[in-house]
Amino acid sequence: MPTLPANPTVAIVGATGAVGVEMLAILAQRGFPAASVRALASERSAGTRLPFGPEELTVEALGPGSFEGIDLAFFCASGAVAREYAPVAVDAGAVVIDNSSAYRMDPAVPLIVPEVNAHAIGDAGLIANPNCSTIILVTALDAIERAVGIERIVVSTYQAVSGAGAPGLEELERLTAQAAAGAELAPEFFPFPCVHNVFCHETPTDPATGRNVEEQKMIEEARKIWSRPDLKVAPTCVRVPVPRAHAESVNVTLRASATEADLRAALADAAGVRIVDDRTTPRFPMPVDASGGDDVLVGRLRPDDSQPSDGPAFIGWELFCCGDQLRKGAALNAVQIAERMLPG
Ligand SMILES: NC(=O)c1ccc[n+]([C@@H]2O[C@H](COP(=O)([O-])OP(=O)(O)OC[C@H]3O[C@@H](n4cnc5c(N)ncnc54)[C@H](OP(=O)(O)O)[C@@H]3O)[C@@H](O)[C@H]2O)c1
């Protein structure tokens, strides 16, 4: 594993965006031992001031010289920016952790969720952060995969608008005001109204398979993270009128039957997971509870009795999970990867 210096110099590409702003907050909250932090964005934002703990950073325009003297570069911009500048950062000697989809399926680039496959970081100088829906799914299910093994996952997502970045959140606020005023809803960013509505994830739909790109990512990335090319994954990805935190309805078919006690014991010990499953109150995972937090909330664990069973042991199980996609689904996961690369 390429060990970072104890106090690395850090650059954040896309520091003004939804993930970049969260990245700055998380570095400050966790006391990440950065010697310095350089905030980079497009020319448009050069000179903008961003809060970083008790200080402020001045945003610089990204350019070929941005990575001189940088040990660690978090990329929180588009795939195009990552494809152009991640090699520049690596050549300048920085370890790059990229939030975009540019390198995720490159066989030479590890795709990491630290609780699941930190061992795969190896000596890579470029590491990919998985898709937000995938991170939340594998974090929720990894303990079950380890304890029993998973044959098949059917998952439906309920994805927050900020998953599409700061413009998605601005559109939700704009259309909420339009709806409150009784005006006609006029989407400018999403293809359909993101209030009073749910719609198929806005990434392109493959005319041949009918699958959208987000669904394809969940299949391919889950298989890569778990090193399980045989894993069956059937996702349906949907955008919902929620500002922040993705929820997922999950049905798993296990490799062997298990009891509720087996699965609850596995989940109770799972790093990055908090069980929220109060049938009495009742209270289950919700975006309002997951927002701003680090854990993936898991609940509504119940047997799928449409599948074979052996007494109380079932092959099929259902659960509902929810995680802050700007934190565990992006910035926090990237910082956790970097923390694994610090000495000691
Ligand atoms: N949002 C999520 O929940 C989430 C989750 C997982 C992964 N991701 C991925 O993380 C990345 C960032 O997403 P986001 O949601 O934060 O998007 P965003 O809110 O739209 O922010 C995009 C950032 O990229 C910067 N940028 C744009 N063009 C640039 C250029 N030519 N050079 C340098 N910087 C440039 C923007 O700077 P300006 O302010 O100057 O335009 C801004 O800081 C994307 O690849 C996304 O797919 C997002």
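Take the range 114-156 and flag every residue that is part of a loop (DSSP other than H, G, I, E, B), out of contact with any Asp or Glu (no Cβ under 9 Å at 6 or more places or on another chain) and either small (Gly, Ala, Ser) or modelled with pLDDT of 95 or more (or both). Show your work before the answer.
Taking the range 114-156 first, the residues part of a loop (DSSP other than H, G, I, E, B) are 122-125, 129-131, 148-149.
If we keep only those that are out of contact with any Asp or Glu (no Cβ under 9 Å at 6 or more places or on another chain) too, we end up with 122-125, 149.
Answer for the range 114-156, where residues must be part of a loop (DSSP other than H, G, I, E, B), out of contact with any Asp or Glu (no Cβ under 9 Å at 6 or more places or on another chain) and either small (Gly, Ala, Ser) or modelled with pLDDT of 95 or more (or both): Gly122, Ala124, Gly125, Gly149.
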| query | Residues in the range 167-179: is at least one among the small types (Gly, Ala, Ser), under 22 Å from Val19 (Cα atoms) and touching a His at 6+ places or on another chain (Cβ under 6 Å)? | reply | no
| query | Would it be correct to say that Asp305 is outside the structural domain of Asn117 (by TED's automatic domain parsing), closer than 20 Å to Asn131 by Cα and not in a helix (DSSP H, G or I)? | reply | no
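Condition check: more than 17 Å from Gly165 (Cβ to Cβ) and over 23 Å from the mean Cα position of the chain (by Cα). Does Ile70 satisfy that? Steps first, please.
On the way: more than 17 Å from Gly165 (Cβ to Cβ): yes; over 23 Å from the mean Cα position of the chain (by Cα): yes.
Yes.
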| request: Give the range 17-75 a look and list any residue that's over 17 Å from Ile97 (Cβ atoms), among the charged types (D, E, K, R) and out of contact with any Asp or Glu (no Cβ under 7 Å at 6 or more places or on another chain), or say none. | output: Glu43, Arg44, Glu55, Glu56, Glu60, Glu68
| query | Looking at the range 250-263, is at least one residue over 24 Å from Pro110 (Cβ atoms), at pLDDT 95 or above and part of a loop (DSSP other than H, G, I, E, B)? | reply | yes
| query | For the range 25-79, how many residues meet the condition of being outside any helix (DSSP H, G or I), within 11 Å of the ligand (Cβ to nearest atom) and closer than 27 Å to Ser291 by Cα? | reply | 11
| Considering Val288, Val298, which residue is in a strand (DSSP E or B) and in the same structural domain as Glu260 (by TED's automatic domain parsing)? | Val298
| Going through the range 1-24 one residue at a time, which ones are under 23 Å from the mean Cα position of the chain (by Cα) and assigned to a strand (DSSP E or B)? | Val10, Ala11, Ile12, Val13
| message | Pairs needed: first member in the range 80-107, under 14 Å from Ala330 (Cβ atoms); second member anywhere, surrounded by 21 or more Cβ atoms within 10 Å (Cβ to Cβ) and hydroxyl-bearing (Ser, Thr, Tyr); C-beta distance under 8 Å; at least 6 residues apart or different chains. | response | Ala82/Ser100; Ala82/Tyr103
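With the requirement that a residue be hydroxyl-bearing (Ser, Thr, Tyr) and either at pLDDT 95 or above or near the ligand (Cβ under 9 Å from one of its atoms) (or both), what does the range 1-24 give you? Step through it out loud before you land on a result.
Initial filter on the range 1-24 (hydroxyl-bearing (Ser, Thr, Tyr)): 3, 9, 16.
Thr9, Thr16, listed by residue number.
Is it the case, given these coordinates, that Val96 is touching a helix residue (DSSP H, G or I) at 6+ places or on another chain (Cβ under 6 Å) and within 19 Å of His246 (Cβ to Cβ)? Lay out the reasoning, then the answer.
Details: touching a helix residue (DSSP H, G or I) at 6+ places or on another chain (Cβ under 6 Å): yes; within 19 Å of His246 (Cβ to Cβ): no.
No: the conditions fail for Val96.
Look at the range 157-189 and say how many of its residues are farther than 19 Å from Ile219 by Cα, outside any helix (DSSP H, G or I), within 16 Å of the ligand (Cβ to nearest atom) and not charged (D, E, K, R).
To start, the set of residues in the range 157-189 that are farther than 19 Å from Ile219 by Cα comprises 160-162, 164-189.
After this cut, where a residue has to be outside any helix (DSSP H, G or I) as well, the list is 160, 165, 181-189.
Still in the running and within 16 Å of the ligand (Cβ to nearest atom): 160, 165, 188-189.
Add one more test, that the residue is not charged (D, E, K, R), and what stays is 160, 165, 189.
So the answer is 3.
The values are calculated or read from the model by the stated rules, or taken from the named source; none is laboratory data. The structure displayed is predicted, hence computed values, not measured ones. Here the Cβ is made from the backbone with ideal geometry for all residues, glycine too, and neighbour counts use every protein chain on show.
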